[in-house]
Structure formats: structure tokens, C-alpha cells
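Structure, as C-alpha cells:
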Amino acid sequence: MNIQLFKPKYRKEEILKEIEECLDLGWTGLGFKTNKFEEEFKTYANVPYAHYVASNTVGLQIAIKILKDANKWKSGDEIITTPLTFVSSNHSIAYNNLTPVFADVDDQLCLDLESIKSKVTKKTRAILFVGIGGNIGQYFEILKFCKENNLKLILDAAHMAGTKVNKIFDGIGSTLTQVGWDADVTVYSFQAVKNLPTADSGMICFKNEDYDILARKLSWLGIDKDTFKRTNEKGNYKWDYDVIDYGFKAHSNSIMASMGTVGLKYLDEDNSRRREICDLYEKAFKNNPKIKTIKHNPNCQSSRHLYQIQVSNRDNILEYLNNNNIFPGVHYKDNTQYEIYSYGFGTCPNAHKASDELISLPLHLFLTNKEIEYVIEKVNEAVNAWN
């Protein structure tokens with residue numbers, strides 16, 4: 001038995017049926033299924049706009065460029081961010097000639113508001129919040145702080161497809177709704193091991209219609225009409241278009257959208273099973289003082305993309321688990337330990353400590369309860385042997 005950290009689940013027959021329609025029509029690129037997926041995701045997430053792109057990384061890059069240009073930010077202006085994330089979060093800031101400023105994390109591994117406050121300067125323009133593992137942490141407190149201080153809030157929701165919170169409608173009642181509708185922009189990931197897996201793709205969700213229109217142009221090399229739209233419009237000049245910016249070749253395609261459309265139908269069901277697995281881990285480890293489990297905010301229904309623990313002697317424990325055919329992961333290495341972000345080294349002690357102790361345990365839809373019990377047994381053995 002080899003127990004992997006991730007293993008995506010694809011409903012093959014349904015996906016192939018969607019892809020077959022693309023092949024029959026002869027349209028596998030931008031438009032057609034990408035339009036369908038965007039509309040269905042808007043309904044699911046209760047957002048007015050959603051633009052389907054090639055990855056979360058390029059989605060963040062485009063979103064930050066739009067906010068920078070629209071608000072006349074200058075090169076060198078600052079965005080406060082977390083060091084405990086995949087480097088793409090912070091690269092997207094640097095790609096736009098802005099400066100990532102690192103704030104520390106709390107016990108839930110999300111940005112800590114008090115640390116943010118200590119990092120604000122006259123050059124601060126936005127906060128980039130990463131919902132690690134699907135958690136909201138202090139998201140709503142940070143959202144309030146942004147509104148009070150005229151800062152933009154960028155939500156990196158790479159792990160948050162299906163994370164839900166209560167939203168009030170018309171001041172009357174509330175319902176569980178996908179988190180992120182209230183950020184200035186929210187960017188999702190549908191990369192291969194995410195909760196809504198394709199091969200790789202993402203979604204940019206702005207509140208502002210003009211920004212959504214601009215995102216579509218920028219993701220298609222600055223061209224003001226996509227090919228699918230030009231093909232289906234009437235008139236002698238349907239071939240004609242303008243180019244408003246250099247832009248990027250960053251839109252996604254109908255093959256990826258076929259996978260996403262099917263996956264979206266099962267997202268809530270799949271996340272429910274993830275939460276069941278996390279509950280089994282949580283109950284098993286709660287009485288072991290040598291294991292610190294990472295809690296998720298009880299005010300959200302987390303997508304539970306990750307189940308993380310903190311332990312001493314992490315590398316010895318990982319080796320022990322590997323020797324017993326269990327292959328966990330680490331999310332993430334403190335970004336200030338990388339040369340490119342080393343200017344922030346030592347400024348975020350909580351993140352640095354967590355980076356040295358974190359283990360992400362296997363969490364996917366093919367795990368059986370028997371395999372989960374085996375992982376629990378071996379984790380306890382390793383921790384008790386090495387601590």
C-alpha cells in the first residue's frame with residue numbers, strides 16, 4: 001500500500017462526454033465551454049463576474065496589474081502578504097514591480113491582523129490574504145481593516161473552492177455561500193490536485209464589471225474581442241479587433257473547462273468527504289500532546305484542502321512515514337528562506353517556526369477509513385519515537 005498526499009478524482013465518463021462536444025464542434029479553445037463554466041461558477045459562488053484563466057498564478061498577476069493601473073499605484077508600492085504560501089502568491093506581486101511585505105501568521109496559519117498593522121506604511125496599497133488549506137482565519141477582521149484604511153483586499157483562494165461562510169441577504173436571512181464575494185478580487189485555483197481539479201486553470205472574480213472586462217482583454221494579449229465572440233458575431237468587420245495592452249497569453253480553454261464543469265457539480269459532495277477525513281484525524285490526535293493540529297475557523301465550512309499538523313523533529317517523522325509507504329507533504333516553506341525574498345527573513349517568527357514543523361497528511365477522495373487508521377497509527381508511532 002502506497003498512501004499519497006493527493007490523488008485527484010475525475011468523473012471520466014462525464015468529462016469525456018463534455019470534451020467530445022468540443023471535438024465534434026471543432027472548438028477546444030477560449031469560448032464555448034469556458035463561457036459555460038464561468039456562468040456555472042458565478043451561480044455557485046454567488047458572484048457577478050468570473051473569468052476563466054490558465055492558472056491561479058497568472059490570475060493573480062492579471063488581477064494585481066488591473067488594481068495597480070486603475071488605482072495609479074507606483075512601482076515599489078507595497079502589498080502586505082504571508083510568507084507561508086506557495087511562491088506564486090508573492091511572485092504575482094513582484095511580477096507587477098510591487099514589493100511583497102511579509103506579515104506573520106496566527107495559529108491557523110493565516111495572516112495575523114496585529115502583525116499586518118505593524119507592517120503598514122505610506123506605501124501600503126493592498127493586503128493579499130491566502131486561505132491556506134481552505135481556512136478563513138481572520139479574513140473578516142482583515143476585510144474590515146482594509147475598508148477602514150482604504151486598502152484593497154486580494155483573496156488568494158487557491159485552496160478555497162467550496163469554503164463557505166454565512167452571507168446575509170437583504171438584511172433578512174443568511175445562507176452558506178462561497179467565501180470571497182466581498183474581496184476586491186478573488187482568484188481560485190483548479191490545478192490538478194486542488195479540490196476542483198482540472199490539469200491546471202483558475203478563475204478571477206472581480207466585483208467591478210470594468211475590471212472583469214479588462215481581465216478578459218489582458219488574458220488574451222490585450223485583444224479587445226476573443227476569437228469565439230468574433231466567430232459568432234455578424235457583419236463585415238467581425239474579423240477586426242484592437243489591441244489595448246501587451247497583455248498575456250493567459251486564458252484557459254474548453255478542454256480544461258469541460259473538466260471544471262463536471263467537477264463543480266461534485267464539489268460540495270467531495271468537500272464533505274474531506275471534512276469527514278479531517279474529523280477522523282482530529283479525533284485521533286486530540287489527546288496526543290506531541291501533535292499540534294491546525295484548527296480551522298469554526299465560522300466557516302472549510303473546503304479542507306489540507307489537513308496539517310505541527311511536530312518537532314519533522315524531517316525524521318517524514319522519513320519514518322515514507323519508510324512505511326506514507327507520503328505526506330509540507331505546506332509551505334517560509335518564503336523568506338528563499339534567496340529572492342530573504343530581505344524578509346526573521347520578520348515572521350510564527351511562520352518560520354511553522355515552516356520547520358508542518359506536515360500535511362494524506363487527504364483525498366480515494367482514501368479508505370482503513371488507510372486513514374494506518375496513517376494515524378504510523379504518525380503516532382513516529383511522533384512518540386522521535387519526541
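The values are calculated or read from the model by the stated rules, or taken from the named source; none is laboratory data. As the structure is a prediction and not an experimental result, all values here were calculated from the model. Accessible surface is based on the protein model in full, side chains and every heavy atom, while ligands, DNA and RNA are left aside. Shrake-Rupley method; radii C 1.70, N 1.55, O 1.52, S 1.80 Å.
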Worksheet item: With respect to the cross-link table entries Lys9/Lys378; Lys164/Lys265; Lys123/Lys167; Lys65/Lys117; Lys123/Lys144; Lys7/Lys194, which display a Cα-Cα separation exceeding 21 Å?
Response: Lys9/Lys378; Lys123/Lys167; Lys65/Lys117
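Largest first, how would Glu282, Glu276, Glu114 line up by accessible area (1.4 Å probe)? Please list the in-between numbers first.
Values: Glu282 45, Glu276 95, Glu114 115 Å².
My answer, sorted largest first, is Glu114, Glu276, Glu282.
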Practice prompt. For segment 6-21 and segment 332-387, write down the distance between their C-alpha centroids in whole Å.
Written response: 31
Worksheet entry | Whole-number percent relative contact order across segment 114-222, with pairs defined as alpha carbons under 8 Å at least 6 apart | 19
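What number, in percent, do you get for the relative contact order of segment 295-387 if the mean sequence gap of Cα pairs under 8 Å and at least 6 apart is divided by its residue count? Before the final figure, lay out each step's value.
Details: 88 pairs, mean separation 39.3, N = 93.
Result for segment 295-387 is 42 percent.
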Worksheet entry | Descending Cα extents along the principal axes, segment 88-159, whole Å | 28, 27, 18
Practice prompt. Starting at the first residue of segment 100-105, write each ³J(HN,Hα) from the Karplus equation 6.51 cos²θ - 1.76 cosθ + 1.60 with θ = phi - 60°, in whole Hz, x for Gly and Pro.
Written response: x, 10, 8, 9, 7, 10
Worksheet item: Per residue, how much accessible area does segment 1-144 show when a 1.4 Å probe rolls over the protein heavy atoms, in square angstrom?
Response: 41
Worksheet item: Given only helices, namely DSSP H runs of n ≥ 4 each adding -39500 (n - 2.57), what is the per-residue ellipticity at 222 nm of the chain, to the nearest 500 deg cm²/dmol?
Response: -12000 deg cm²/dmol
Worksheet item: What does the convex hull of the Cα atoms of segment 6-103 come to per residue, in Å³, rounded to a whole number?
Response: 150
Worksheet entry | Rounded to whole Hz, the Karplus (6.51, -1.76, 1.60) HN-Hα couplings of segment 323-332, x for glycine and proline | 5, 10, 6, 10, 10, x, x, 10, 10, 9
Worksheet item: In whole percent, what relative contact order does the chain give with Cα contacts below 8 Å and a gap of six or more residues?
Response: 24
